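The values are calculated or read from the model by the stated rules, or taken from the named source; none is laboratory data. No experiment lies behind these values; they were computed from the predicted model shown. Cβ sites come from the backbone with ideal geometry, for glycine too, and all protein chains shown count toward neighbours. Surface areas here come from the heavy atoms of the whole protein model, side chains and all, with no ligands, DNA or RNA. Shrake-Rupley method; radii C 1.70, N 1.55, O 1.52, S 1.80 Å.
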Amino acid sequence: MAHDDQTGDETAPDTQIEHTQPEPEVLPDNGYRAGFVSFVGRPNVGKSTLTNALVGEKVAITSSKPQTTRKAIRGIVHDKSGQLIIVDTPGIHRPRTLLGERLNDLVQTTLSDVDVIGLCVPANEKIGPGDKFINEQLDQYPRAKKVAIVTKIDAAPRPTTAEQLAAIQELRNWDLIIPVSATNDLQLDILVRELLALMPTSDAALYPADAVTDEVLEDRVAEYIREASLEGVRDELPHSIAVTIDDMIERDDKEIVDIYANIFVERDSQKAIIIGKGGSRLRDVGQQARIPIEKLVGKQVFLSLRVKVAKDWQRDPKLLGRLGF
Ligand SMILES: Nc1nc2c(ncn2[C@@H]2O[C@H](COP(=O)(O)OP(=O)(O)O)[C@@H](O)[C@H]2O)c(=O)[nH]1
Ligand SMILES: [Mg+2]
């Protein structure tokens, strides 16, 4: 209707054209910076938690289980002086399955492209062979600036953090060494400022001002379900879980979204564990997952979860493809 109102007004067409042009977020040459950073480090050092804390929204799922992160997920941090795109990767590890190999390839490609690599080492654990191995791998990416991030400083007494900072300094000639806590919001603003300072200057933002990730809605929903299903499972089972979404349908009244999802495991015995006695475990998974999903879609959600067996999918090229790897 607005369009009709404006017909006959001679100034209208020009005004309209101007409004459809994307407005440059900032002018060039004022020091605006934008670029990519990837956090690396052993499992459980807090890479995904840090990503979420900096983005201000849960874009990467976290858990104490290994291999929680399986994709390169981009989280976007907006600042008036620039834009930081964080690529959360599965991490560098020794591959044991075809899935493991694919994940390693993904990490390789990601790290070859980023502007900054941040090696995360927790304040409360001594630097070990695992940290040193990953640090040595970073020589393969000469293009990226290297930053050392001492994480979880809330969990260590000050002298311990100080010792860790000194120890990490011995590993290489870092562009920056910084202690932080993602859970207690310690020094995160400084981390953003310092990382931005290491980014290339840019004429404009790389992502729209309201974007927090480039992940599509369905993938984020699938990840929330996988996160809930990792809760309380042990041993090899976390590796065997994959989640796909068949459908997301808004009901006619627009109040409720029906989501149909599959939880894939590799063996019948695992299927029984996921479902639990009389379906009790699966119900818990659904309830847990619904909380972040409803927050994300902004509506009430009805979640239909089916557990299926895809035999040895981690080693099967065809199944890997079907499950999105
Ligand atoms: N005390 C404390 N715990 C943290 C912090 N960051 C992460 N964690 C915990 O460390 C565990 C692993 O975190 P996650 O981000 O999944 O590690 P990732 O495997 O490196 O991505 C989780 O249980 C987190 O809650 C932090 O700043 N302080
Ligand atoms: Mg992670």
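The table below lists the values:
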{"quantity": "Of all accessible heavy-atom area on region 217-322, the percent that carbon and sulfur account for (1.4 Å)", "calculated": "46 percent"}
{"quantity": "Rounded accessible area of residue 145 (nearest 10 Å², 1.4 Å probe)", "calculated": "80 Å²"}
{"quantity": "CD proxy at 222 nm, helix term only [per DSSP H run n ≥ 4: -39500 (n - 2.57); per residue of the chain; nearest 500]", "calculated": "-11000 deg cm²/dmol"}
{"quantity": "Kirkwood Rh and Cα Rg combined as Rg/Rh, region 262-325", "calculated": "1.05"}
{"quantity": "Solvent-accessible ranking of 255, 294, 57, largest area first, probe 1.4 Å", "calculated": "255, 57, 294"}
{"quantity": "Antiparallel bridge percentage (DSSP; both residues within region 246-325; nearest 5)", "calculated": "30 percent"}
{"quantity": "Segments 242-252, 211-221, 35-45, 257-267 sorted - mean Cβ within 10 Å per residue, highest first", "calculated": "35-45, 257-267, 211-221, 242-252"}
{"quantity": "For the chain: Kirkwood Rh in Å [reciprocal of mean 1/r, alpha carbons]", "calculated": "21.9 Å"}
{"quantity": "Ordering of 94-106, 117-129 by packing [mean C-beta count within 10 Å, highest first]", "calculated": "117-129, 94-106"}
{"quantity": "Within the accessible area of region 58-162 (1.4 Å probe), percent carbon and sulfur", "calculated": "51 percent"}
{"quantity": "1.4 Å probe accessible area per residue over region 33-197, in Å²", "calculated": "43 Å²"}
{"quantity": "Convex hull volume per residue for region 123-251, taking Cα atoms only, in Å³", "calculated": "209 Å³"}
{"quantity": "Rounded to the nearest 10 Å², the accessible area of residue 143 at probe 1.4 Å", "calculated": "140 Å²"}
{"quantity": "Environment charge of residue 133, counting only residues whose C-beta is closer than 10 Å and scoring Lys/Arg +1, Asp/Glu -1", "calculated": "+1"}
{"quantity": "Antiparallel bridges, percent of DSSP beta bridges restricted to the chain (to nearest 5)", "calculated": "35 percent"}
{"quantity": "Nonlocal amide H pairs with residue 176, under 5 Å, H built at 1.01 Å", "calculated": "148"}
{"quantity": "Members of 71/145; 145/318; 71/254; 71/308; 71/146 lying beyond 29 Å, as alpha-carbon distances in this model show", "calculated": "145/318; 71/254"}
{"quantity": "For residue 103, net neighbour charge (Lys/Arg +1, Asp/Glu -1) across residues whose Cβ lies under 9 Å away", "calculated": "+1"}
{"quantity": "Average projected area [Cα convex hull, region 217-322], square nanometres", "calculated": "6.7 nm²"}
{"quantity": "Percent of beta bridges antiparallel (DSSP, region 33-197, rounded to nearest 5)", "calculated": "25 percent"}
{"quantity": "For region 33-197, diffusion coefficient by Stokes-Einstein and Kirkwood Rh (Cα), 25 °C, 0.890 mPa s, µm²/s", "calculated": "156 µm²/s"}
